[in-house]
1. Could you tell me how many of the residues in the range 87-115 are exposed (fewer than 15 other Cβ atoms within 10 Å of the Cβ) and closer than 24 Å to Asp66 by Cα?
2. Select from the range 46-86 the residues that are within 14 Å of Thr13 (Cβ to Cβ) and of a type in the set (D, E, K, R) and write down the one among them that is surrounded by the fewest Cβ atoms within 10 Å (Cβ to Cβ).
3. Looking at the range 112-157 only, could you name the residues that are modelled with pLDDT under 95 and β-branched (Val, Ile, Thr)?
4. Can you find a residue that is of a type in the set (Ser, Thr, Tyr) and either in contact (Cβ under 8 Å) with a residue 24 or more places away in the chain or within 23 Å of Val145 (Cβ to Cβ) (or both) anywhere in the range 51-73?
5. Pairs please, first residue from the range 19-34 and in contact (Cβ under 8 Å) with a residue 40 or more places away in the chain, second anywhere and in a loop (DSSP other than H, G, I, E, B) and hydrophobic (A, V, I, L, M, F, W, C), Cβ atoms under 8 Å, 6+ apart in sequence or on different chains.
6. State all residues of the range 74-102 that are in contact with a Ser or Thr (Cβ under 6 Å, 6 or more places away or on another chain) and without any contact (Cβ under 8 Å) to a residue 24 or more places away in the chain; if no residue qualifies, say none.
7. Take the conditions surrounded by 14 or more Cβ atoms within 10 Å (Cβ to Cβ), assigned to a helix (DSSP H, G or I) and touching a strand residue (DSSP E or B) at 6+ places or on another chain (Cβ under 8 Å) and apply them to Ala131. Does it pass?
8. Output the residues belonging to the range 186-203 that are assigned to a loop (DSSP other than H, G, I, E, B) and at negative phi.
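The values are calculated or read from the model by the stated rules, or taken from the named source; none is laboratory data. This one's a predicted model, so the numbers in the text were calculated from it and none came from an experiment. Neighbour counts are summed over all protein chains in view; Cβ atoms, including those assigned to glycine, are modelled from backbone coordinates with ideal geometry.
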Amino acid sequence: MPGEPSCRLYVITPEKIPDLPGFADLLDEALNAGDVACVQLRLKDVDDATISTFVKKLMPICHRHDVAFILNNRPDLAAQLGCDGVHVGIDDMPYAEARRIMGPDATVGVTCKDSRHLAMELADEGADYVAFGAFFPTTTKSDTVPADIEIVEIWSETTNVPCVAIGGITVENCGALVKAGADFIAVCSGIWNYPQGPAAAVRDFNALFVSVG
């Protein structure tokens, strides 16, 4: 009998969501389909009022499913709107500043790309998780740095701080990252563009986590 999976799903929203009510329904269906650790709202080129509208619509859906709600790169808005946490890129805001804004109890995760040294520094400073990638080609972000799966293996063997694997990950290619010890698999297009739909993607990722982990 397979045991509890050691890896969990970290869902990232598309950068552009033209139909908020329709997307909210899709999100609800996806979160009802299987285990999801958190949802990160990552909108680009929108104003603060739009971000606020999306948070107020989507965060309650996540909380109904006991899923953490993370806002990308805006600790000021995340704190103001009561989000569970924030994810920051190293080029956008220092971890220490994000932590100061969010407070000691919120989740603050950081992008480390392919740098284990940076990840170790940020983990020592108190980051709740570090994100490595991109592990595969991705069209979701243009400023990615290729990362080798070995970085996950070394991290999982030497450190207790959770790591997130990100970048072009799909049901078909994520097995090696799960075996390497990734605590979370971050997925955007692999969920929302899944041929059978987002709910099926959540089911299939979780089935793979159980079979591999």
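1. 3
2. By that ranking, first place goes to Lys57.
3. Result: Thr138, Thr139, Thr140, Thr144, Val145.
4. yes
5. Listed by first residue and then by second, the contacts come to Ala30/Val36; Leu31/Val67.
6. Gly89
7. On the way: surrounded by 14 or more Cβ atoms within 10 Å (Cβ to Cβ): yes; assigned to a helix (DSSP H, G or I): no; touching a strand residue (DSSP E or B) at 6+ places or on another chain (Cβ under 8 Å): yes.
Spelling it out, it is not the case that Ala131 is surrounded by 14 or more Cβ atoms within 10 Å (Cβ to Cβ), assigned to a helix (DSSP H, G or I) and touching a strand residue (DSSP E or B) at 6+ places or on another chain (Cβ under 8 Å).
8. Cys188, Asn193, Tyr194, Pro195, Gln196
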